[in-house]
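Presented below is the structure to which this report refers.
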Amino acid sequence: QALAREALRLSFIQHKEFAVSLKGVQKKRTISDTFDQSMSGETLVDMMKLNLLVGSGGVLSHAPRRNQAVRMLVDSFLPEGITELAVDSIFMMPQLGILSTFHEKAALEVFNKDCLIKLGTCISPCDNYKKNKILFKYSITINEVVHEGIVNYGDLILIPAQLGKYSCIIKPENNVDIGFGKGNNYEGMIHGGEVGIILDGRGRKINFEENQNDRVNQIINWSVKTNEYNEEA
């Protein structure tokens, strides 16, 4: 899974470099040399506008625990704002893409019922901040139980929430953006899933502790907080 994190991270960087808008006259070129040419435009991948991340492939689809799949997706792609997370349970997305050109309705039905497994939602600001800085307050109502608290920079919190929609209020600090402008609140519905709702305050470049023992404890703490290996908190 550590190798998968790095492979996913690097492939996503390459994808963002490939998916760019060209400036000036567009030159004709082949796929093979596109990756080698320098890009003059900006990437078309706007993480703040990305509403859904779907992981596909054996290491994600068949992870021993769905919580591990969530951690791989979040650690690798570093989603920003409010992003739903899912996995392709049977690795059928490529085939369904082809089927959709012949029978769109059938492809969508299989995709939603048998292929897509919704894991939950990740909420994360889009920047880095000072250690222990308060990022946002949250209040999420799940089955008439209100979960509320504060997310500090460096926190990683999991709130279990089964598949469904839940009332959610996020109140960021003045210089914190969760997708609606700095300091702007979000009040609306948020999706649960097989894992739940991830509140990620680690910044959009994960900063690890410099001291080795502190770094190990930091990683273990994140693992326990997200129930990655079904350990006791």
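The values are calculated or read from the model by the stated rules, or taken from the named source; none is laboratory data. Predicted, not measured: the structure shown is a model, and the values here were computed from it. Positions of Cβ are generated from backbone atoms using ideal geometry, with glycine treated the same way; all protein chains shown enter the neighbour counts. Please note that ligands, DNA and RNA were not included when accessible areas were found on the heavy atoms of the full protein model with its side chains. Shrake-Rupley method; radii C 1.70, N 1.55, O 1.52, S 1.80 Å.
Scanning region 165-194 for residues that are open to solvent by less than 10 Å² (accessible area, probe 1.4 Å), outside any strand (DSSP E or B) and among the hydrophobic types (A, V, I, L, M, F, W, C) returns 176, 178. For residue 132, the conditions (1) over 27 Å from residue 61 (Cα atoms); (2) part of a strand (DSSP E or B); (3) of a type outside the set (Asp, Glu); (4) open to solvent by 70 Å² or more (accessible area, probe 1.4 Å) all hold with the exception of (2).
Here is a yes/no grid of residues against (1) modelled with pLDDT under 65; (2) within 18 Å of residue 116 (Cβ to Cβ); (3) over 17 Å from the mean Cα position of the chain (by Cα); (4) in a strand (DSSP E or B):
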{"position": "15", "(1), (2), (3), (4)": "no, no, no, no"}
{"position": "38", "(1), (2), (3), (4)": "yes, no, yes, no"}
{"position": "54", "(1), (2), (3), (4)": "no, yes, no, yes"}
{"position": "70", "(1), (2), (3), (4)": "no, yes, no, no"}
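Just to be sure, is residue 43 among the hydroxyl-bearing types (Ser, Thr, Tyr), modelled with pLDDT of 75 or more and open to solvent by 50 Å² or more (accessible area, probe 1.4 Å)? Judged against the criteria, residue 43 is not a match. Summed over region 136-148, the residues that are assigned to a strand (DSSP E or B) and either more than 13 Å from residue 200 (Cα to Cα) or at pLDDT below 95 (or both) give a count of 8. Within region 188-203, does at least one residue satisfy the condition of being free of Cβ contacts under 8 Å to residues at least 60 places away in the same chain, more than 18 Å from residue 76 (Cα to Cα) and touching a strand residue (DSSP E or B) at 6+ places or on another chain (Cβ under 9 Å)? Taking every residue of region 188-203 in turn, at least one turns out to be free of Cβ contacts under 8 Å to residues at least 60 places away in the same chain, more than 18 Å from residue 76 (Cα to Cα) and touching a strand residue (DSSP E or B) at 6+ places or on another chain (Cβ under 9 Å). Checked against (1) open to solvent by 70 Å² or more (accessible area, probe 1.4 Å); (2) under 19 Å from the mean Cα position of the chain (by Cα), residue 150 passes all but condition (2). Scanning region 94-117 for residues that are under 22 Å from the mean Cα position of the chain (by Cα) and open to solvent by less than 80 Å² (accessible area, probe 1.4 Å), which turns out modelled with the highest pLDDT? Applying the filter and picking the extreme gives 117.
Every listed requirement among (1) in contact with a helix residue (DSSP H, G or I) (Cβ under 8 Å, 6 or more places away or on another chain); (2) in a strand (DSSP E or B); (3) open to solvent by 50 Å² or more (accessible area, probe 1.4 Å) is met by residue 120 save one, (3).
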